[in-house]
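What follows is a short report on a single structure.
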Amino acid sequence: MHTSLFLVLAATFSGLVVRSVIGVKASTGFSVDLIHRDSPTSPFYNGSLTSSEILRKNALHSMDRLKHFQSLIEQNAIQSPVIPSGGIYLMKLSFGTPPVEYLAIADTGSDLVWIQCVPCPQCYNQESPLFDPQASSTYQKIPCGSDSCQALPRKQCTDTNDCQYLYSYGDKSFTVGTLSTDTLSFDSSDGQKTAFPTSIFGCGHNNQGSFRSPSAGLVGLGGGPLSLVSQISTQIDNRFSYCLVPRSASSTSKLLFGQEAIISRPGAVSTPLITKNPPTFYLLSLEGVSIGDKTAQAGSSQGNIVIDSGTTLTLLESTFYNNLESIVKEAIGADPVQDPDGTFSLCYGAGTNINVPEMVFHFSGADLHLQPVNTFRTNGDLLCMLIVPSDSISIFGNYAQINFQVEYDLQKQTVSFAPTDCTQQ
């Protein structure tokens with residue numbers, strides 16, 4: 001992993017602890033490798049699975065993720081919608097002093113940073129040793145009355161005034177532990193460790209459900225106050241971006257912060273970032289999707305689609321989807337083939353001579369031209385559209401974002417897209 005990070009001190013931002021830079025200029029920014037869960041470089045990689053099996057597995061995770069986004073938005077709750085086993089990208093980071101390195105899921109759809117800690121009578125098995133707070137000279141527990149503790153969706157005070165959290169997930173998975181601070185550090189490109197002292201994270205002592213090794217926890221990159229992005233917001237110029245490589249690429253994707261996150265190439269388009277409750281989610285306004293001179297209209301609702309790096313497929317509200325599917329069928333002209341598993345709504349025989357059309361997603365103020373790699377994929381003997389209907393909210397998934405640099409400017413409240421060969425980042 002090639003990363004560069006800042007040294008930081010405590011300051012105050014949005015009622016929480018954030019950091020100011022020591023020794024490294026904030027303007028330089030930093031980058032982190034993102035390892036796709038199913039790539040050969042991933043510890044999750046299962047060489048016995050075919051590409052079709054992997055695609056179907058990820059598609060099912062997309063459906064599950066949709067349900068949790070919907071339930072949390074409807075409840076106006078501030079908690080993580082992530083199904084841990086459905087996390088797509090992994091990143092390396094170290095906790096404590098001296099630093100101990102772990103792999104964790106990087107996710108734009110959740111906030112809390114947490115890791116498994118000792119003592120842990122109810123932890124899932126992981127290959128690396130559990131993090132031991134007593135072995136770290138910089139570990140501290142956060143008091144119950146702090147603003148950080150109050151930002152949790154569920155918390156309680158211990159007899160010693162420590163902040164205990166419960167973070168539950170839609171599939172009944174959960175993590176329970178102590179809200180804490182310690183140094184989070186990353187490997188820089190020159191082989192040195194640079195660090196964020198007093199970073200807020202959950203020290204999980206009871207973690208159950210669909211979590212699995214080798215991931216030792218999660219790194220929340222959402223818009224809520226406890227996320228890593230929010231904690232270091234002022235030090236990264238309120239911006240981050242990522243560039244997702246195609247599934248066939250041997251290189252890793254990149255997660256960029258600060259000045260490195262800025263899109264400098266031509267062809268970028270920007271759309272407003274809509275803020276609603278819960279603040280975790282990054283919402284955009286999608287007006288329609290065009291193929292040639294035909295357009296499927298999405299309606300006039302602001303913030304009607306979640307942009308999410310952890311959902312594989314793009315899911316569109318069913319009426320909107322049906323209109324788009326009709327336009328796709330007309331543009332392709334061939335007879336569709338039913339997916340026997342029912343995972344995908346529109347498929348064609350892989351041996352059929354099909355010209356996949358360019359789709360233009362019309363976000364507010366930004367027309368995004370999606371190529372075939374973003375919208376169709378071979379699934380065994382089928383060629384299937386990576387867009388499916390949703391009976392609730394819409395999600396702009398990570399296949400649709402491949403080979404775009406996607407920049408989140410939290411100061412200007414915009415999301416920008418630039419066509420990019422992400423394998424060259």
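Just so you know, all these numbers are worked out from the coordinates, no wet-lab data involved. All of these numbers come straight from a predicted model, not from anything done at the bench. We place every Cβ from the backbone using ideal geometry, glycine too, and count neighbours over all the protein chains shown.
Which value, in debye to the nearest 20, describes the size of the charge dipole of the range 267-420 about its Cα centre when Lys and Arg Cβ atoms bear +1, Asp and Glu Cβ atoms bear -1, and nothing else is charged? Mind dumping the intermediate values first?
Details: 5 positive and 15 negative charges, 63 e Å.
Dipole magnitude for the range 267-420 comes out near 300 debye.
Pop the C-beta distance of ASN277 and SER250 into the FRET formula with R0 = 45 Å and round what comes out to the nearest 0.05.
My answer for the efficiency is 0.65.
Filter the cross-link list LYS141/LYS172; LYS294/LYS412; LYS254/LYS412; LYS92/LYS141 down to pairs whose alpha-carbon distance in this structure exceeds 29 Å. Write down the numbers at each step before the final one.
Details: LYS141/LYS172 26 Å; LYS294/LYS412 32 Å; LYS254/LYS412 22 Å; LYS92/LYS141 23 Å.
Pairs exceeding 29 Å: LYS294/LYS412.
LEU34's amide H: which non-local residues (gap 5+, or another chain) put their own amide H closer than 5 Å, with H modeled 1.01 Å from N in plane and none for Pro or chain starts?
SER253, LYS254, LEU255
For the peptides 396-409, 376-389, what is the packing order when you average, over each peptide's residues, the other Cβ atoms within 10 Å and list the highest mean first? Present the calculation step by step, with values, prior to reporting the outcome.
Values: 396-409: 23.5, 376-389: 21.4.
Top to bottom by mean Cβ count within 10 Å: 396-409, 376-389.
With the Cα gyration tensor of the range 134-180 giving a ≥ b ≥ c as the square roots of its eigenvalues, does the rule (a/c under 1.5 for rounded; else a/b larger than b/c for prolate; else oblate) give rounded, prolate or oblate? If you can, show how the numbers build up before the last one.
On the way: a/c = 2.25, a/b = 1.43, b/c = 1.58.
Taking the square roots of the gyration eigenvalues as a ≥ b ≥ c, the range 134-180 is oblate.
Take the Cα radius of gyration of the range 297-388 and divide it by 2.2 N^0.38 Å, with N its residue count; two decimals is plenty.
Working: Rg = 13.6 Å, N = 92, 2.2 N^0.38 = 12.3 Å.
Here the answer is 1.11, to two decimals.
Pop a pseudo-label 7 angstrom from the Cα along the beta-carbon direction at both SER392 and ASN161 and give the gap in nm to one decimal.
The answer from the label model is 4.0 nm.
Tell me, what is the percent relative contact order of the range 267-420, built from C-alpha pairs under 8 Å that lie six or more residues apart? Please report the intermediate quantities before stating the final value.
Values: 335 pairs, mean separation 49.0, N = 154.
Relative contact order comes out at 32 percent.
GLN411 to ASN322: extension gain in nm, 0.36 nm per residue of separation minus the Cα-Cα distance? It would help to have the intermediate numbers written out before the result.
On the way: separation 89, 0.36 × 89 = 32.04 nm, distance 3.62 nm.
That pair, GLN411 and ASN322, stretches by 28.4 nm at full extension.
For the range 371-425 and the range 325-346, what is the separation of their Cα centres, given in Å?
Their Cα centres are 19 Å away from one another.
Does the range 267-420 come out rounded, prolate or oblate, given a ≥ b ≥ c as the square roots of the eigenvalues of its C-alpha gyration tensor, rounded meaning a/c under 1.5 and, failing that, prolate meaning a/b above b/c? Each step should come with its number before you reach the end.
Details: a/c = 1.84, a/b = 1.72, b/c = 1.07.
Cα axes put the range 267-420 in the prolate bin.
Give, in nm to one decimal, the length gained when the segment between ASP132 and LYS294 is fully stretched (0.36 nm per residue of separation minus the Cα-Cα distance).
52.5 nm
Report the extension gain between ASN206 and GLN371 in nm, rounded to one decimal, defined as 0.36 nm multiplied by the number of residues separating them, less their alpha carbon distance.
Working: separation 165, 0.36 × 165 = 59.40 nm, distance 4.39 nm.
Stretched fully, the ASN206-GLN371 segment lengthens by 55.0 nm.
Got a sec to turn the phi values of the range 353-360 into Karplus ³J(HN,Hα) couplings, 6.51 cos²θ - 1.76 cosθ + 1.60 with θ = phi - 60°, whole Hz, x for Gly and Pro?
7, 10, 9, 5, x, 6, 10, 10
Can you work out the Karplus-derived ³J(HN,Hα) for every residue in the range 312-320? Use 6.51 cos²θ - 1.76 cosθ + 1.60 with θ = phi - 60°, whole Hz, and x for glycine or proline.
Couplings: 6, 8, 9, 10, 10, 3, 4, 5, 4 Hz.
Place a point 7 Å from Cα of SER168 in the direction of its Cβ. Which residues in the range 115-145 have their backbone N less than 17 Å from it?
Under 17 Å, as judged by backbone N against the label point of SER168, lies no residue of the range 115-145.
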